[in-house]
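A quick write-up on the structure given underneath.
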Amino acid sequence: MPNGIARSLRNSSTNTVTCKNGRPSSMTGPFGWDFKLCAIWLNPSTIQRIQSPILLTKQNMRILTSTFVLGLTLSLFAADWPQWRGPNRDGVNLEKGLAAEWPEGGPKLLYKATGVGAGFSSVVIADDTVYTLGDLEDACYLFALDLKGKHKWKSRIGEPKGHRGYPGPRSTPTVANGHVYALGQQGDLVCVSTEGKEVWRVNIQNDYEGRMMSGWRWSESPLVDDDKVVVTPGGDKGAVLALDAKTGKQVWRCEGLTDPAGYSSLIIREIGDIKQYIQLTGKSVAGIDAGNGKLLWRADRPGKTAVISTPIYDKGTLFVTSAYGVGCNGFKVEYKNNQFVANEIYKHVGGAGMANHHGGAIRVGDYVYGSNSGQLSCLRLSDGEVMWNEQSAGKGAIIVADNKIILRTERGPVSLVKLSPTGYEEVSRFDQPERTRARAWAHPVVLNGKLYLRDQDNMFVYDISR
């Protein structure tokens, strides 16, 4: 199944199975049941991925029902968080059973890991291994640690350092099919086995004449979809590039899009029955045919200095946001008269709506939450109406888990906030110990009742389960 996109497998009856990332997402059957299995993230290694339409016989229904029952026992926690912003690149963790509030002084610190280097890479977790990127003195490295913080191995990615006093990698690695894909800040895209052996490497700047909108170095997190790795070198030869995940050889390049690369990461969505890669560049937002790399649509959306936040798409509405006085835009993307069109439906300049720097925006239902020029904001996705702004929250990166927002501010404090479009309500807050002097820009991660916070050379892991 494609990574991060739902596919419905139907027969001629009313039975339907929907899968995400090879996992059952929802099921309706002859009993009128609607199993909301999207909260059950079974590890792909434990079940056979569904690759083609299936007939829901009574036997298959029994198997799926058994899977559902098994899933209920596992649904409190997720299996993996294998890529940037999670399995669907949306920043939402569906696991339940997290603490409704934190004790004074914060949740229990399970352990602190060190030696992961300088940088702003977040963490990913797959098959009981934590991966992240960081600079040591001699190079940028991909690090693998076990779930107790013990180092398993490290693999050299590329040259170290950064830009203007912000050293280290900005990208988050991606784990898929027994391999880890990492993009260093100097443009080195490397495939490494989960045992730490390098498989292939390219440099998207030198090998593909990549061009960025500004000089803060390569920051996007690689997208792995089936047998392709997709990245955004930018430039006149084509802004988006797909490589064979096994060999690193070029599959296609989107020559119809020649924008300079920004710092945003691609998402996968299906629009008009066509699977598309959506990317926000330094000049526009665009949709690319996932199969052949052809440009399907493009809407002008000039950014300034750095365009970083990942796009959001739901039910025909696309939301993009960036800082440096630009703000946010909503587009209606649809297929009309044998072509795709993207028409702007709203625009907020600067902090009037949401000017998100790099803490990310997250959609839940018809509402988008995210940092906005030093405050936390909520607006309605469908029409752009601002629901609330809260200055006291501070600027930071967010994740949504168990119907709460976890906000990790760039100064270090971590807040637990109720998820509601009606207003801001902080439940708990604590200060991370042993804060470095660097800004806390790495996004927080929640998995299996644990909160992961990366702070330069340190990684803190907290117990936030009930």
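The values are calculated or read from the model by the stated rules, or taken from the named source; none is laboratory data. Bear in mind the structure is a predicted one, so any value in this text is a computation, not a measurement. FYI the Cβ positions are ideal-geometry reconstructions off the backbone, even for glycines, and counts take in every protein chain you see.
Checking Trp252 against (1) aromatic (Phe, Trp, Tyr); (2) within 28 Å of Lys336 (Cα to Cα); (3) under 20 Å from the mean Cα position of the chain (by Cα), which single condition isn't satisfied?
Among (1) aromatic (Phe, Trp, Tyr); (2) within 28 Å of Lys336 (Cα to Cα); (3) under 20 Å from the mean Cα position of the chain (by Cα), Trp252 violates only (3).
Please work out if Asn343 is over 25 Å from Pro444 (Cα atoms) and modelled with pLDDT under 95.
Here the answer is no, as Asn343 does not meet what is asked.
Could you pull out the residue among Thr436, Thr422 that is under 16 Å from Ser122 (Cβ atoms) and of a type in the set (Ser, Thr, Tyr)?
Testing whether each residue is under 16 Å from Ser122 (Cβ atoms) and of a type in the set (Ser, Thr, Tyr) leaves just Thr436.
Hey, does the stretch 205-218 have a residue that's in a loop (DSSP other than H, G, I, E, B), in contact with a Phe, Trp or Tyr (Cβ under 7 Å, 6 or more places away or on another chain) and surrounded by fewer than 17 Cβ atoms within 10 Å (Cβ to Cβ)?
So far as the stretch 205-218 goes, no, none of its residues is in a loop (DSSP other than H, G, I, E, B), in contact with a Phe, Trp or Tyr (Cβ under 7 Å, 6 or more places away or on another chain) and surrounded by fewer than 17 Cβ atoms within 10 Å (Cβ to Cβ).
Among Asp457, Asp463, which is the only one that is acidic (Asp, Glu), more than 18 Å from His357 (Cβ to Cβ), in contact with a Ser or Thr (Cβ under 7 Å, 6 or more places away or on another chain) and in contact (Cβ under 8 Å) with a residue 24 or more places away in the chain?
Going through Asp457, Asp463 in turn, the sole match is Asp457.
Going by the conditions given, is Gly325 touching a Gly at 6+ places or on another chain (Cβ under 9 Å), farther than 24 Å from Trp441 by Cβ, among the small types (Gly, Ala, Ser) and assigned to a loop (DSSP other than H, G, I, E, B)?
no
List pairs: first residue in the stretch 322-342 and within 15 Å of Arg301 (Cβ to Cβ), second residue hydroxyl-bearing (Ser, Thr, Tyr) and modelled with pLDDT under 95 anywhere in the structure, Cβ distance under 8 angstrom, at least six positions apart or on different chains.
Taking only residues 6 or more apart or on different chains, the pairs are Ala323/Ser373.
Only residues that are closer than 14 Å to Ala323 by Cα and without any contact (Cβ under 8 Å) to a residue 40 or more places away in the chain: list them for the stretch 373-404, please.
Result: Gly374, Gln375, Ser377, Lys395.
Quick one: which residue in Lys154, Lys161, Lys148, Lys237 is in a loop (DSSP other than H, G, I, E, B), of a type in the set (Lys, Arg) and closer than 24 Å to Gly86 by Cα?
The conditions single out Lys148.
Does Leu241 meet the test of being assigned by TED's automatic domain parsing to the domain that holds Ser122, in contact with a Lys or Arg (Cβ under 7 Å, 6 or more places away or on another chain) and under 25 Å from Gly162 (Cβ atoms)?
yes
Can you tell me which residue among Lys154, Lys197 is assigned by TED's automatic domain parsing to the domain that holds Thr114, touching a strand residue (DSSP E or B) at 6+ places or on another chain (Cβ under 7 Å) and surrounded by fewer than 21 Cβ atoms within 10 Å (Cβ to Cβ)?
Lys154
So which of Gly134, Gly106 is modelled with pLDDT of 95 or more and not in a strand (DSSP E or B)?
Of the residues listed, the single one that is modelled with pLDDT of 95 or more and not in a strand (DSSP E or B) is Gly106.
With the checklist (1) touching a His at 6+ places or on another chain (Cβ under 9 Å); (2) closer than 21 Å to Pro233 by Cβ; (3) of a type in the set (Phe, Trp, Tyr) in hand, flag the one item Phe143 doesn't pass.
(2) is the only condition that Phe143 fails.
Write out, first by first residue and then by second, each pair whose Cβ atoms fall under 8 Å of each other, whose residues are 6+ apart or on separate chains, and whose first residue, in the stretch 212-223, is touching a residue at least 12 places away in the same chain (Cβ under 8 Å) while the second is hydroxyl-bearing (Ser, Thr, Tyr) and outside any loop (DSSP other than H, G, I, E, B).
From the stretch 212-223, the pairs are Trp216/Tyr166; Ser221/Thr174; Pro222/Thr174; Pro222/Tyr181; Leu223/Thr174; Leu223/Tyr277.
Just to check your reading of the model, which residue among Leu183, Leu223 is buried (at least 23 other Cβ atoms within 10 Å of the Cβ), closer than 26 Å to Leu453 by Cα and touching an Asp or Glu at 6+ places or on another chain (Cβ under 8 Å)?
On inspection, the qualifying residue turns out to be Leu183.
Taking the condition of being part of a loop (DSSP other than H, G, I, E, B) and either under 15 Å from the mean Cα position of the chain (by Cα) or buried (at least 22 other Cβ atoms within 10 Å of the Cβ) (or both), how many residues in the stretch 341-363 meet it?
Summing the residues that are part of a loop (DSSP other than H, G, I, E, B) and either under 15 Å from the mean Cα position of the chain (by Cα) or buried (at least 22 other Cβ atoms within 10 Å of the Cβ) (or both) in the stretch 341-363 gives 8.
Against the definition (in contact (Cβ under 8 Å) with a residue 24 or more places away in the chain and over 20 Å from Gly187 (Cβ atoms)), how does Gly262 come out, yes or no?
no
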